[in-house]
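To keep things clear, I will list the structure first and then write my remarks on it.
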Amino acid sequence: MDGGGLDIVYNQKIKVLIIDDSLVFREALARGISFDPLIEALPSARDPYDAWQKMKFVNPDVLTCDMEMPGMNGIDFIAKVMREAPRPIIAVSSREDLAKRALQAGAFAFLSKPRAPTKGDVQRFILELSKQIRKAAHKAAHSPQISGRNPIDIIAIGASTGGTEALHAVLSSLPPTLPGIVIVQHIPAVFSTMFADRLNQVSTINVREAKNGDFIEPGTALIAPGDQQMTVHRYGQRFRVECRSGEKINGHCPSVDVLFDSVAHAAGKHAVGILLTGMGNDGAKGLLNMRKVGARTLGQDEKSSVVYGMPKAAYDIGAVEKQVSLDAMKSALLNLC
């Protein structure tokens, strides 16, 4: 199901869908924010399932979402919306300990519910909520990631044997206007920094070894350290990487499957996955998971691969949307972005 995109025009009211299992609280919020001349409170939703159905018909510009509800909690719902029908979400809860998780799931902001039901506390809360709704709508109207003008947020690439030269061929001529790139190349830890530096010298984009907590930025490629698993996580409207020591997956640390699985979860259909030359099957299942959530996927063809192992394994299980020669990989990627 698709909840549709944003349709914010400055001379129209900001349409807000309130999601909370308390009818009293929903009605109080709806009355309060409706005093703002720029905000329209839509018929509210009692839980995430009710909200998802309503989104198909009313297409809200901004959501407010409680964190603790029956059936599906607010954090899981935020992650679902940001994957499948992105729009700003303001998390609302009496549990301040959930703020970080809500923001990591993709919430635009987190507001604590009034501690006491006094008139003054409620008014202050409503004013702050209205302010955040305006800010969220304004940012969404000017954000390519939310508006859909640039539907691809992340490019994820995996490679192994022969991958160092394949990555050189792909990255060296990419324009800096592309979305951020994250890369797993099977390479010993002592060489990953030097490899990133060498690519940076020949590329228009910035290429560097990733560090834990780095944000993924347009025109930048982050290469996983040679001895750490790298994963992608949403943080508000942005994405960042985590690089941590971990067990080998498919015999590798870093593992392409680990990276691709995290991109599928964090970015959904707003990603491109590319599997280049390499021995074994690392990355095949992860690329399939990306394709299942709507991401675009490319695999290097047999003729141009040094070892047609990883891309073949992915192609055989239906993970590869299109097989491409190494020479044509750049143009195929640009067409998708």
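Is one or more of the residues making up the range 142-165 under 30 Å from GLN104 (Cα atoms), free of Cβ contacts under 8 Å to residues at least 24 places away in the same chain and in a helix (DSSP H, G or I)? Yes.
The listed residues are ASP121, ASP97, and the only one of them that is assigned to a helix (DSSP H, G or I), acidic (Asp, Glu), in the same structural domain as TRP52 (by TED's automatic domain parsing) and modelled with pLDDT of 90 or more turns out to be ASP97. Candidates are the residues of the range 282-321 that are over 21 Å from ASP261 (Cβ atoms) and touching a strand residue (DSSP E or B) at 6+ places or on another chain (Cβ under 7 Å); the one that is surrounded by the most Cβ atoms within 10 Å (Cβ to Cβ) is ASP301. Scanning the range 167-214 for residues that are in a loop (DSSP other than H, G, I, E, B) and either free of Cβ contacts under 8 Å to residues at least 24 places away in the same chain or touching a Cys at 6+ places or on another chain (Cβ under 7 Å) (or both) returns LEU178, PRO179, ALA210, LYS211, ASN212. No other residue among PHE239, PHE215, PHE191 is within 16 Å of SER262 (Cβ to Cβ), among the aromatic types (Phe, Trp, Tyr) and out of contact with any Asp or Glu (no Cβ under 8 Å at 6 or more places or on another chain) apart from PHE215. Does the range 264-276 hold any residues that are in a loop (DSSP other than H, G, I, E, B) and touching a Leu at 6+ places or on another chain (Cβ under 8 Å), and which are they? Passing the criteria: only LEU276.
When restricted to residues that are in a helix (DSSP H, G or I) and at pLDDT 95 or above, the range 291-314 contains 5. Out of all the residues in the range 295-318, which are under 29 Å from GLU84 (Cα atoms) and of a type in the set (Ser, Thr, Tyr)? Listed by number, the residues that qualify are THR297, TYR315. Filtered by the rule that a residue be crowded, with 21+ Cβ neighbours inside 10 Å and out of contact with any strand residue (DSSP E or B) (no Cβ under 8 Å at 6 or more places or on another chain), the range 175-212 gives a lone residue, ILE187.
Among the residues of this structure, LEU222 counts as one that is closer than 29 Å to ASN281 by Cβ and assigned to a strand (DSSP E or B). Which of the residues that make up the range 27-65 are hydroxyl-bearing (Ser, Thr, Tyr) and touching a residue at least 24 places away in the same chain (Cβ under 8 Å)? Scanning the range 27-65 gives SER44, THR64.
Scanning the range 246-262 for any residue that is in contact (Cβ under 8 Å) with a residue 60 or more places away in the chain, of a type in the set (Phe, Trp, Tyr) and in the same structural domain as THR161 (by TED's automatic domain parsing) turns up at least one such residue. Whenever a residue of the range 216-239 is in the same structural domain as GLY268 (by TED's automatic domain parsing), its partners that are surrounded by fewer than 22 Cβ atoms within 10 Å (Cβ to Cβ) and aromatic (Phe, Trp, Tyr), lying with C-beta atoms within less than 6 angstrom and at least six residues away or across chains, give the pairs ARG238/PHE215.
Looking across the range 232-251, the residues that are surrounded by 15 or more Cβ atoms within 10 Å (Cβ to Cβ), more than 18 Å from LYS80 (Cα to Cα) and out of contact with any His (no Cβ under 8 Å at 6 or more places or on another chain) come down to CYS243, GLY246, ILE249, ASN250.
Out of all the residues in the range 233-256, is one or more part of a helix (DSSP H, G or I) and either farther than 25 Å from ALA313 by Cα or aliphatic (A, V, I, L, M) (or both)? Scanning the range 233-256, I find at least one residue that is part of a helix (DSSP H, G or I) and either farther than 25 Å from ALA313 by Cα or aliphatic (A, V, I, L, M) (or both), so the answer is yes. Scanning the range 9-56 for residues that are crowded, with 20+ Cβ neighbours inside 10 Å, over 16 Å from GLU128 (Cα atoms) and among the aliphatic types (A, V, I, L, M) yields LEU17, ILE19, ALA45, ALA51, MET55.
Within the range 129-161, if we keep just the residues that are at pLDDT 95 or above and hydrophobic (A, V, I, L, M, F, W, C), the residue that is farthest from THR277 (Cα to Cα) turns out to be LEU129. Scanning the range 322-337 for residues that are of a type outside the set (S, T, N, Q) and exposed (fewer than 15 other Cβ atoms within 10 Å of the Cβ), we see that the one that is nearest to GLU165 (Cα to Cα) is ASP327.
The values are calculated or read from the model by the stated rules, or taken from the named source; none is laboratory data. If you're wondering where the values come from, they're calculated on a predicted model, not measured in any experiment. Positions of Cβ are generated from backbone atoms using ideal geometry, with glycine treated the same way; all protein chains shown enter the neighbour counts.
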